[in-house]
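One structure below.
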Amino acid sequence: MIEKKEHWNSRFAFVMAAIGSAVGLGNVWRFPFVCYESGGGAFLIPFFVALFTAGIPLMILELSLGHWARYAPPQAFQKIGKKWEWTGWLIALSPFIIAIYYVVVMSWCFCYMIYSLDLRWGSHAEEFFHNFLADTGTPTVLGSISIPVILGLLVIWLCVFLILYKGVSRIGKVVAITVPLPTILLIILTVRGLTLPGAMDGISYYLTPDFSKLGDVNVWLAAYAQVFFSLSIAQGIMITYASFLKKKSDITNNAFIISLADAGTSFLAGFTVFSVVGYLAQTQGLTIPELGLRIAGPNLTFITYPTAISLLPVAASFFGIIFYIALLTFGIDSAFSMIEPFTASITNKWHLKKAKATALICLSGFLLSLLFATGAGLHWLDIVDHFIANFGLVTIGLLECIILGWLFRLATFREHVNKSSDIQIGKWWDTLVKYVVPLILIIILSVALYQNITDPYLNYPLWVLVLGGILPLAGLVILAVFLMKIRPAQEEQV
Ligand code: PHE
């Protein structure tokens, strides 16, 4: 293996890139809804408990592994033990699969940014959205391909390629804009939202604490799942990004900054979303539950929010445009961070030129994304996401804890981190990584498994679930083993 030459330009560049990866669509459309459903203000308790007992410890673990090994996941795991290289490949491939559909949602945002110019969805946002997608209403009928979605995909994949192919120094420059910009836009949207009539009703729906929910185990599981997804952990991203750090770099402090910035953005996004939902309810003379609108996922972004935007008395287009620009800029750093682990892994193993590896991966990503540009795309996207988010992420997190915590000397990482960090971590960290996190992950996994077996996801036919859920997961493992087995032309000493 050649010695890695790539480095972040500064600590700021690294922290911004990691925050950029963590803060994404998930903060805007996942957190506010999960919070509202899981006890409102009371949900902040399980959320912060999850953040401190699992999110931050795992963030520290991933950053320290990357920094200690100084390689992308497969080579980092190879350093742990030769037989673990496949785990590294699995970890590097998994976010690539997420990218394939995440980029599709960004393509929708791109189109909606343009549609905002003349509020093209009119007063029928829902109908418009389904027409735009050429939605067939079911995963079993592919229907036609949506041309605007393909054009959007081309633009987004091209951006991802242009940002990545020159290496991390370019990432550092891009995130200096794409992280602060959407945050400022989100603040502008929140101020606008909060000054609308009905906004306070929305906020009280969002935050009124329902402490009785804290007795519900599902609420706690939701908090952990949210933290995992939102921090971009268990996806090899933090391992890869930390491998580009200089030798003497702070880990613990950075892990806290990244995690708290992510949590803060989620909390803020709740105000943005719920103020507008409150406004929508008031203009229709209904309560929020009576609205019957889904305030999470694509429905929030492409139906509920546009509906509210159309009702704005002044500058509706302007607020529409900045909403979608915010989503695009929030999303783009998450999107390219999902590609980078795979690119870095390939360049580490085969010494391919970064530009070539990036081009290859982006091109295959684009072609695979086309599956989701069909009339059945929305449904397949939802199915693949359901399985990857519920099983993929959790399984990888668990593998990391077991391999690094039980089959390797975990203290190596603690000692490594403490050498260069301001905040010193103690044995409590070992306990969290070895016992608490795996236990929680096993519970989440068992509950998810039980629910999916007893109650098949959205009652889809079995073959659909196998194709969209089990096949991608199994495919990931097979591909990971395959990538481990093929050796570079001239075998190097590691
Ligand atoms: N954390 C990102 C978000 O909140 C999503 C993500 C998941 C990014 C997994 C990378 C890996 O949108």
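The values are calculated or read from the model by the stated rules, or taken from the named source; none is laboratory data. Given the structure is predicted, the values throughout are model-derived calculations rather than measurements. Here the Cβ is made from the backbone with ideal geometry for all residues, glycine too, and neighbour counts use every protein chain on show. Just the protein is used for accessible areas: all its heavy atoms, side chains included, with ligands, DNA and RNA removed. Shrake-Rupley method; radii C 1.70, N 1.55, O 1.52, S 1.80 Å.
Nearest 20 debye, what's the magnitude of the dipole of the stretch 318-447 about its Cα centre given +1 on Lys and Arg Cβ and -1 on Asp and Glu Cβ?
520 debye
Taking the solvent-accessible surface of protein heavy atoms with a 1.4 Å probe, what is the per residue accessible area of the chain in Å²?
I get 38 Å² per residue for the chain.
Could you put 106, 113 in order of accessible surface area, largest first, with the 1.4 Å probe and the full protein assembly present?
Most to least solvent-accessible, the answer reads 113, 106.
With θ set to phi - 60°, apply the Karplus curve 6.51 cos²θ - 1.76 cosθ + 1.60 along the stretch 470-481 and write out the HN-Hα couplings as whole Hz, x wherever there is a Gly or Pro.
Calculated HN-Hα couplings, in order: 6, 4, x, 5, 5, x, 4, 5, 4, 4, 4, 5 Hz.
Carbon and sulfur together cover what percent of the accessible area of the chain at a 1.4 Å probe radius?
C and S atoms contribute 70 percent here.
Can you list the HN-Hα couplings for the stretch 422-439, worked out from phi with the Karplus curve (6.51, -1.76, 1.60; θ = phi - 60°), rounded to whole Hz and with x for Gly and Pro?
5, 8, 8, 9, x, 5, 4, 5, 4, 4, 4, 5, 7, 10, 5, 4, x, 4
Take residue 318 and residue 367, extend 7 Å from each Cα along the Cα→Cβ direction, and tell me the distance between the two endpoints in nm.
Inter-label distance under the simple model: 4.6 nm.
Please name whichever of 101, 17, 345 sits farthest to the positive end of the charge dipole of the chain, dipole taken about the Cα centre and charges placed at Cβ: Lys and Arg +1, Asp and Glu -1.
Result: 345, furthest along the dipole toward the positive end.
For the stretch 325-338, take each phi angle, set θ = phi - 60°, evaluate the Karplus expression 6.51 cos²θ - 1.76 cosθ + 1.60, and give the result in whole Hz per residue in order, putting x for glycine and proline.
Whole-Hz 3J(HN,Hα) from phi for the stretch 325-338: 5, 4, 5, 5, 6, 5, x, 5, 6, 5, 4, 6, 5, 6.
Whenever you get a sec, line up 170, 11, 294 from highest to lowest accessible area (probe 1.4 Å, protein heavy atoms).
294, 11, 170
Could you sort 450-463, 40-53 so that the peptide with the highest average Cβ count within 10 Å comes first and the rest follow in order?
Highest-to-lowest ranking by the protection proxy: 40-53, 450-463.
Net charge near residue 88: determine it from the other residues with C-beta under 13 Å of the C-beta of residue 88, scoring Lys and Arg +1 and Asp and Glu -1.
+1
Can you give the calculated 222 nm mean residue ellipticity of the chain, where each DSSP H run of n ≥ 4 adds -39,500 (n - 2.57) and the sum is split over every residue, rounded to the nearest 500 deg cm²/dmol?
Taken over the chain, the calculation gives -21500 deg cm²/dmol.
Please work out the Cα convex hull volume for the stretch 11-485 and give it in Å³ per residue.
133 Å³
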